[in-house]
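The values are calculated or read from the model by the stated rules, or taken from the named source; none is laboratory data. Computed from a predicted structure; not experimentally measured. Here the Cβ positions follow ideal geometry from the backbone for every residue, glycine too, while neighbour counts run over all protein chains shown.
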Amino acid sequence: METFEIRLSGEGENRSAALPIVHGTLGPSAVDITRLPRETGVFTYDPGFVATASCKSAITYIDGDAGVLLYRGYPIEQLARHSTFLEVAYLLMHGELPSRQQLAEFEREVAIHTMIHESLKNFLNGFHYDAHPMAMLCGVIASLSAFYHYKLDVHDPVQRKLAAIRLIAKMPTIAAACYRYSIGWPIAYPRNNLDYCTRFLHMMFEVPAEPLQLPPIAAKALDLLFILHADHEQNASTSTVRLVGSTGANPYACVAAGIAALWGPAHGGANEAVLRMLMEIGDPKNVAQAVARAKDKKSGFRLMGFGHRVYKNYDPRAAIIREMTHEVLGALGVSDPLLEVALALEEVALKDEYFIERKLYPNVDFYSGIIYKALGIPTEMFTVMFAIARTAGWVAHWLEQQTDPELKIGRPRQIYTGAASRDYVPLDQR
Ligand code: CMC
């Protein structure tokens with residue numbers, strides 16, 4: 001057996017272990033350290049999980065150096081060109097592309113679960129009119145667990161699948177409801193004769209007073225963005241879903257935790273932050289100054305939509321979105337000066353030694369906001385859009401985890417740096 005020898009050196013020290021190597025289908029191998037504490041008395045220390053694989057997964061593969069992304073083995077470029085979001089959701093969940101009949105059945109299953117319980121709407125009324133939609137989404141999805149708790153047995157594969165479908169189906173309904181509540185419009189019911197993205201756009205923008213005319217490119221563009229955001233292996237939000245899932249918690253609560261993790265500007269919140277940054281820069285002539293600020297550590301400013309923990313090359317999703325931005329804006333007849341700012345920013349940053357040295361390239365969030373904006377999606381809703389798409393990945397990972405024979409409760413250790421044991425001092429003696 002191939003092993004990794006580890007030996008603690010130092011005076012009188014003679015502890016060692018031969019640790020097994022774990023191989024996947026693609027990508028680097030890993031040292032299985034589970035025996036390390038028992039055999040040597042030491043743990044490993046890896047803040048931010050920079051060098052740690054937390055699980056085995058057959059869903060998504062990333063080669064960060066080559067800029068490769070595969071869902072169940074299929075390159076993202078091929079899926080983006082030929083597939084649809086619901087077909088990709090099926091693929092992520094089931095491991096194989098559906099037949100025509102399987103896809104039709106899946107689309108129907110999703111469609112019949114799009115409605116929400118009328119009393120769920122009461123939760124929205126508790127929010128102030130200016131609540132951020134991510135806060136609302138997180139709260140309302142968590143409260144779904146109250147509707148499906150006592151009868152939900154996470155050990156039953158049929159019920160697990162139903163929960164996954166309900167999440168994919170209801171997420172757009174709830175997302176649109178959060179938006180409409182914030183602008184004082186009546187909540188819209190889903191129209192199940194429409195495809196997933198058209199249905200969502202209708203729930204967002206249709207008013208009872210008149211029919212909605214959507215440009216054909218709108219649903220197509222949204223569907224493509226959803227495909228690109230559907231999964232990204234063990235990112236912070238998916239890892240959160242898995243961590244919560246490892247305790248046996250209700251899947252709706254697991255996904256609500258994932259939404260909370262996604263909201264941060266270092267993760268999915270970056271798409272909103274990118275647009276705000278581009279608006280602040282305002283003009284290509286201010287780009288050099290912004291790049292200089294991003295290089296100055298004291299400024300606390302980073303180029304949002306730049307850099308990635310795994311990609312040390314152009315994010316393949318950003319390359320597709322960049323192309324698509326021109327097509328969508330052209331088809332909609334929109335000319336957005338922010339696109340000029342974004343293109344100039346990318347050009348300057350990619351030629352700059354700081355960004356070259358650190359391998360910082362545009363990521364998925366860099367151009368997506370410009371498309372959302374052109375589709376009329378308000379800036380605060382950008383991360384909600386990401387959450388709708390990433391639900392496909394979250395549920396696929398949760399389903400995979402629940403049948404993982406190596407599943408254990410996620411419980412990291414720590415290096416304690418606090419006070420050593422000491423005696424309590426009574427209040428009048430301090
Ligand atoms: N602008 C300026 N400098 C940067 C940036 C940036 N956007 N990103 C990383 N750096 C620098 C960082 O200061 C550090 O420099 P040094 O080596 O001199 O200390 C170096 O690059 C490595 O950065 P890091 O923070 O150690 O890298 P990380 O892997 O921990 O963080 C990241 C990855 C995505 C959080 C980070 O690149 C970042 O904050 N980017 C901006 C936010 C963003 O766009 N997030 C979306 C990520 S992709 C979609 C998603 O996950 O949802």
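Looking at (1) touching a residue at least 60 places away in the same chain (Cβ under 8 Å); (2) touching a Leu at 6+ places or on another chain (Cβ under 8 Å); (3) among the charged types (D, E, K, R), which is the one condition that is false for Asp352?
Among (1) touching a residue at least 60 places away in the same chain (Cβ under 8 Å); (2) touching a Leu at 6+ places or on another chain (Cβ under 8 Å); (3) among the charged types (D, E, K, R), Asp352 violates only (2).
Working only within segment 352-373, note down all residues that are within 11 Å of the ligand (Cβ to nearest atom), more than 19 Å from the chain's Cα centre (by Cα) and among the acidic types (Asp, Glu).
Passing the criteria: Asp352, Glu357.
So Gly376 passes all but one of these: (1) within 16 Å of the ligand (Cβ to nearest atom); (2) farther than 30 Å from Leu162 by Cβ. Which condition number does it fail?
(1)
Scan segment 8-23 and give yes if some residue there is touching a Pro at 6+ places or on another chain (Cβ under 6 Å) and either within 16 Å of the ligand (Cβ to nearest atom) or of a type outside the set (Lys, Arg) (or both), otherwise no.
Looking through segment 8-23, none of the residues is touching a Pro at 6+ places or on another chain (Cβ under 6 Å) and either within 16 Å of the ligand (Cβ to nearest atom) or of a type outside the set (Lys, Arg) (or both).
Picking from Ile281, Ile321, Ile259, which residue would you name as being over 25 Å from Ile388 (Cα atoms), in contact with a helix residue (DSSP H, G or I) (Cβ under 8 Å, 6 or more places away or on another chain) and within 14 Å of the ligand (Cβ to nearest atom)?
Ile281
Looking at Ala188, Ala164, Ala169 in this structure, which one is part of a helix (DSSP H, G or I), of a type outside the set (Val, Ile, Thr) and under 21 Å from Lys121 (Cβ atoms)?
Ala169
Going residue by residue through segment 60-72, is there one that turns out to be within 16 Å of the ligand (Cβ to nearest atom), touching a residue at least 24 places away in the same chain (Cβ under 8 Å) and of a type in the set (S, T, N, Q)?
There is at least one residue in segment 60-72 that is within 16 Å of the ligand (Cβ to nearest atom), touching a residue at least 24 places away in the same chain (Cβ under 8 Å) and of a type in the set (S, T, N, Q).
With the structure loaded, tell me whether Val364 is at pLDDT 95 or above and buried (at least 24 other Cβ atoms within 10 Å of the Cβ) or whether it fails that test.
In short, no.
Among the residues of segment 300-308, are any more than 8 Å from the ligand (Cβ to nearest atom), crowded, with 22+ Cβ neighbours inside 10 Å and under 27 Å from the mean Cα position of the chain (by Cα)?
no
Going by the structure shown, is Ile409 at pLDDT 95 or above, in a loop (DSSP other than H, G, I, E, B), surrounded by 16 or more Cβ atoms within 10 Å (Cβ to Cβ) and more than 15 Å from the ligand (Cβ to nearest atom)?
No; evaluated as a whole, the condition is false for this residue.
Pick from Phe382, Phe386: which is within 30 Å of His94 (Cα to Cα), in contact with a His (Cβ under 8 Å, 6 or more places away or on another chain) and part of a helix (DSSP H, G or I)?
Phe386 is the lone residue from the list that is within 30 Å of His94 (Cα to Cα), in contact with a His (Cβ under 8 Å, 6 or more places away or on another chain) and part of a helix (DSSP H, G or I).
Out of the residues in segment 236-254 meeting the condition of being more than 16 Å from the ligand (Cβ to nearest atom) and touching a Phe, Trp or Tyr at 6+ places or on another chain (Cβ under 7 Å), tell me which one is nearest to Ala290 (Cα to Cα).
Across segment 236-254, the extreme among qualifying residues is Cys254.
Give me a count of the residues in segment 217-235 that are touching a helix residue (DSSP H, G or I) at 6+ places or on another chain (Cβ under 6 Å), in a loop (DSSP other than H, G, I, E, B) and within 12 Å of the ligand (Cβ to nearest atom).
1
Run down Ala273, Ala256, Ala266, Ala292 and say which single residue is more than 23 Å from Ala221 (Cα to Cα), of a type in the set (Gly, Ala, Ser) and crowded, with 19+ Cβ neighbours inside 10 Å.
The unique qualifying residue is Ala256.
At least 1 residues that are more than 24 Å from Trp394 (Cα to Cα) in each: list the strands (runs of 3 or more DSSP E) lying fully within segment 1-91 that qualify.
By residue number, 3-7, 16-22.
Among the residues of segment 134-187, how many are of a type in the set (D, E, K, R) and over 20 Å from His397 (Cβ atoms)?
Summing the residues that are of a type in the set (D, E, K, R) and over 20 Å from His397 (Cβ atoms) in segment 134-187 gives 2.
Here's the yes/no breakdown for (1) of a type in the set (D, E, K, R); (2) farther than 26 Å from Gln401 by Cα; (3) at pLDDT below 95:
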position	(1), (2), (3)
Met134	no, no, no
Cys138	no, no, no
Lys151	yes, no, yes
Ile168	no, no, no
Pro172	no, no, no
Ile187	no, yes, yes
